[in-house]
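The block underneath contains the structure these notes are about, expressed in structure tokens.
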Amino acid sequence: MLNRGIVARMRDTAPEIEETPDVSREALQALRGDFLYFQVAGSGPTFPVAHRAADSYRSWLSSVGMFSHVGYDAYNAVLDETRADFAAAIGDPGGATRVALAQSATDGLNTLVAGLRLRPRLPRRGGALVVTTAEEHGSALLPVFARRMRGDRVQVIAHRDDATFLDEVRVTFANGAEALVISLVGCKSGKVLPVADATRIAHDAGGTVIVDCAQALGQYPVDVHALGADAYAFLGYKWLHGPLGVGAFWVKDPDWFESTRFGWRSQSAMDLEGHVTLKPDASRFEIGTVDAGAFFGLRQTLAVHRGLGAAVGQRVRTLRARLLERLAELPFDVLSRPSDPTGIVVAAPRGAPALEVVERMWREQRIVVKHLSEPGLEAIRISFWALHQESDIDRLADAFARTLASPVR
């Protein structure tokens, strides 16, 4: 029989992730089978193995007391391990000190954009100029627009094609722009934007580049060093299919961004005179207590993606080709570029309001697609991932055909 000391130590040992989880479609599918879901760009259903991992860690941490000697050490350890795993997933193995954990990409973008260190205002020119793109989600646009309250200026550039877009970026930085906020994959079109080229232009002019990778990681590879930007924001629950409420951001150098929010996790020392020593690494941008179980679930999610490897990208490209083929048979204007290797396709129905079609697809066909309503854009976004099958694409197209051919009930 085990003595009490051994049993206690066993109970004090935190759960571990499955390093080689089952990555079959059956094992990873979280959805019920009575509807079709084409809204991965909104949120990818959490992998069951990640959900179990998160729950098991929460249960264990609660059993030992999160702020006990055992619990507190484990809490910090799992966050350290998450930063390390995340850095490796984005092309920076060994770069855990450049990763800050967050609740979402929105959380990270707010921290990064608010923390941009821009030049002081010049009386004749106004504030610093921050450039962004019309492809951005509101979670990037809103913190950028908020810079106006600090006296800065904002310019939004449309993306019609890469060459024209890069020419406009070049002009804005020649005219004194200081920062660029850009998505790697656009949420409104599924375009892969020319981030590396735009970054070179900005850097040649002394600018700073922040990249929103919310629609990239998990379906399109991200290498922070190859792209060359200064900071990147991520989340764990769209294309990664991790738990809700987890994200991260990467910074090349934490000192390039000002800390605008503070909490007990931001500092390594402080006194009652207000002398504060911030942590030397990117974790200085983390502020308060987080759900360690959710981040443990994110680690499990990243292990799934290591097991899947390049198969995800290959599968997404195959499904995209099939969807474009089927949409060509239907009364749609496809707005996405055929060449983009992403699981986002945007199309506008001819002869019917997009919102009506989206609502009827759910009500009559039990299929989830997304209505996009943006300035100059009324369309339907279809987003899919490697768990989808060709038969799902065909069911979607057939349902569109029925919906567009029949009057409103």
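The values are calculated or read from the model by the stated rules, or taken from the named source; none is laboratory data. Model, not experiment: these values are computed from the prediction. Note that each Cβ is placed from the backbone with ideal geometry, even for glycine, and that neighbours are counted across all protein chains shown. All accessible areas refer to the heavy atoms of the entire protein, side chains included, with ligands and DNA or RNA removed. Shrake-Rupley method; radii C 1.70, N 1.55, O 1.52, S 1.80 Å.
For the stretch 118-137, the candidate set comprises residues that are at pLDDT 95 or above and open to solvent by 10 Å² or more (accessible area, probe 1.4 Å); within that set, the residue that is farthest from the chain's Cα centre (by Cα) is 129. Against the conditions (1) touching a residue at least 12 places away in the same chain (Cβ under 8 Å); (2) at negative phi, residue 160 satisfies every one except (1).
If you take just the strands (runs of 3 or more DSSP E) that sit entirely in the stretch 248-354, which of them hold at least 3 residues that are of a type outside the set (Gly, Ala, Ser) and at pLDDT below 95? Ranges flagged: 276-278.
Under the condition of being of a type in the set (A, V, I, L, M) and out of contact with any Gly (no Cβ under 8 Å at 6 or more places or on another chain), which residue from the stretch 27-62 is nearest to residue 12 (Cα to Cα)? Within the stretch 27-62, the match that is nearest to residue 12 (Cα to Cα) is 49. Anything in the stretch 321-360 that is without any contact (Cβ under 8 Å) to a residue 60 or more places away in the chain, within 27 Å of the chain's Cα centre (by Cα) and crowded, with 20+ Cβ neighbours inside 10 Å? List them, or say none. Within the stretch 321-360, 347, 354, 358 qualify.
Could you tell me how many of the residues in the stretch 43-61 are over 27 Å from residue 216 (Cα atoms) and of a type in the set (Phe, Trp, Tyr)? Talk me through it step by step, then tell me what you get.
Within the stretch 43-61, the subset over 27 Å from residue 216 (Cα atoms) is 56-61.
Narrowing the set further to residues that are of a type in the set (Phe, Trp, Tyr) leaves 57, 60.
Number satisfying all stated conditions: 2.
Of the residues making up the stretch 28-55, those that are among the aliphatic types (A, V, I, L, M), open to solvent by less than 30 Å² (accessible area, probe 1.4 Å) and either modelled with pLDDT under 95 or more than 19 Å from residue 358 (Cβ to Cβ) (or both) number 5. Close Cβ contacts (under 8 Å, 6 or more residues apart or on different chains) running from residues in the stretch 187-211 that are surrounded by fewer than 19 Cβ atoms within 10 Å (Cβ to Cβ) to residues that are part of a strand (DSSP E or B) and modelled with pLDDT of 95 or more comprise 203/209; 205/177; 206/178. Could you look through the stretch 361-391, keep only residues that are buried (at least 18 other Cβ atoms within 10 Å of the Cβ) and of a type in the set (D, E, K, R), and pick out the one that is nearest to residue 135 (Cα to Cα)? Top of the filtered list is 381.
For the stretch 218-242, the set of residues classified as open to solvent by 10 Å² or more (accessible area, probe 1.4 Å) and outside any loop (DSSP other than H, G, I, E, B) consists of 225, 226, 227, 235, listed by residue number. In the stretch 6-27, the qualifying residues are those that are among the small types (Gly, Ala, Ser) and more than 30 Å from residue 187 (Cα to Cα), and the one that is modelled with the lowest pLDDT is 8.
Could you name every one of the helices (runs of 4 or more DSSP H) located completely within the stretch 21-139 that has at least 3 residues being of a type in the set (A, V, I, L, M) and under 26 Å from residue 154 (Cβ atoms)?
Details: elements: 25-28, 48-64, 69-89, 105-114.
So the answer is 105-114.
Just for the stretch 249-285: of the residues that are surrounded by 20 or more Cβ atoms within 10 Å (Cβ to Cβ) and among the aliphatic types (A, V, I, L, M), which one is nearest to residue 92 (Cα to Cα)? That would be 251.
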